[in-house]
1. Would you say Thr58 is open to solvent by less than 30 Å² (accessible area, probe 1.4 Å) and modelled with pLDDT of 85 or more?
2. Do any residues in segment 127-140 that are farther than 20 Å from Glu183 by Cβ have Cβ atoms under 7 Å from those of residues that are β-branched (Val, Ile, Thr) and modelled with pLDDT of 80 or more, where the two are at least six apart or on different chains, and which pairs are they?
3. So which of Leu12, Leu26, Leu3, Leu37 ends up being touching a residue at least 24 places away in the same chain (Cβ under 8 Å) and crowded, with 17+ Cβ neighbours inside 10 Å?
4. What number of residues in segment 194-227 are in contact with a Leu (Cβ under 6 Å, 6 or more places away or on another chain) and of a type in the set (Lys, Arg)?
5. If I filter segment 142-188 down to residues being among the aromatic types (Phe, Trp, Tyr) and open to solvent by 20 Å² or more (accessible area, probe 1.4 Å), which single residue comes out as nearest to the chain's Cα centre (by Cα)?
6. Check segment 146-169 and report whether any residue there is in contact (Cβ under 8 Å) with a residue 60 or more places away in the chain and charged (D, E, K, R).
7. Among the listed residues Ile47, Ile79, identify the single one that is surrounded by fewer than 19 Cβ atoms within 10 Å (Cβ to Cβ), of a type in the set (Val, Ile, Thr) and assigned to a helix (DSSP H, G or I).
Amino acid sequence: MPLGAMVNSGALAIGGLAGAIIQNKLSEETKKLLTNLMGLCAIVIAIINIVKLHNLSTVILSLILGVLVGEAIKLDNRIQAIVNKIIKQDKTDVIYNNSDWMIKFCAIITLFVASGTGTFGILKEGFEGDSSILIAKAILDFFTACIFASSLGKAVAFISIPQFCIYLILFYFARLIFPIINEHQIMNFNAIGGLIDLAIGLTILNIKKFKTINFLPAFIIVFPVTLFFEYL
């Protein structure tokens, strides 16, 4: 069983609930400051992961193709519809009835579910049975979820559900593909996570708003694209 995934998602759920509890005890300025700090942290993590890439052309092409697929299947809109059902959106609630809230919340979903550190951690657990990365990340996710929930509400805690589901899929996917992938594919996969983290950070900081969920197909596309470039 993926111990790291269970610990990480549990920490996210508890952190989200804790943040919702202290939501009314923090000033709006403090909430904004903490949220911006998390956006900055996402950019720093992105840089660390991006520099690990093996082939820039491969990563860029994979990201472009991934975004095109995400846009074509309207992945972002589908996730938003699911989010609305989960939180049972109240039309009179200013917090949830807000397009800016939804954009940031979807970015947060991507941050927790598809961050470079998280995906690499669960793949490592699947490949080697080493859960240390995810257990360490659980501490960070607890405080990150607490900060985001202080401004975005208790809905942040629900992100632990899709996070655990995705981690579970990646865990068994890693075990399945381990015999047929190479180090270069893993490096480029990690770089894709870094670029997604960068888009998330820019979205949280209101520098440039991306539909970050539509980037996710790139995680799958990068494997065959890397093989194609190596064949050439």
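1. Values: open to solvent by less than 30 Å² (accessible area, probe 1.4 Å): yes; modelled with pLDDT of 85 or more: yes.
Spelling it out, Thr58 is indeed open to solvent by less than 30 Å² (accessible area, probe 1.4 Å) and modelled with pLDDT of 85 or more.
2. Close Cβ pairs satisfying both conditions: Leu134/Val7; Leu134/Ile122; Ile135/Val7; Ala138/Val7.
3. Leu12
4. Count: 1.
5. Step one: of segment 142-188, the residues among the aromatic types (Phe, Trp, Tyr) are 142-143, 148, 158, 164, 167, 171-173, 178.
Checking the rest, the ones that are also open to solvent by 20 Å² or more (accessible area, probe 1.4 Å) come to 142-143, 158, 164, 172-173, 178.
Values: Phe142: 14, Phe143: 15, Phe158: 14, Phe164: 12, Tyr172: 19, Phe173: 18, Phe178: 22 Å.
Per the stated criteria, the residue is Phe164.
6. Scanning segment 146-169, I find at least one residue that is in contact (Cβ under 8 Å) with a residue 60 or more places away in the chain and charged (D, E, K, R), so the answer is yes.
7. On the way: Ile79 fails: surrounded by fewer than 19 Cβ atoms within 10 Å (Cβ to Cβ).
After applying the criteria, what remains is Ile47.
Rundown of residues vs (1) under 18 Å from Val7 (Cα atoms); (2) open to solvent by less than 10 Å² (accessible area, probe 1.4 Å); (3) modelled with pLDDT of 75 or more, yes/no style:
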| residue | (1), (2), (3) |
| --- | --- |
| Tyr96 | no, no, no |
| Trp101 | no, no, no |
| Lys104 | no, no, no |
| Phe112 | yes, yes, yes |
| Gly118 | yes, yes, yes |
| Ile122 | yes, yes, yes |
| Ser132 | yes, no, yes |
| Ile135 | yes, no, yes |
| Ala138 | yes, yes, yes |
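The values are calculated or read from the model by the stated rules, or taken from the named source; none is laboratory data. Remember, predicted model here, so these are calculated numbers, not experimental data. In this analysis, Cβ positions are derived from the backbone assuming ideal geometry, glycine residues included, and neighbour counts consider all displayed protein chains. Side chains included, ligands, DNA and RNA excluded: accessible areas come from the protein's heavy atoms. Shrake-Rupley method; radii C 1.70, N 1.55, O 1.52, S 1.80 Å.
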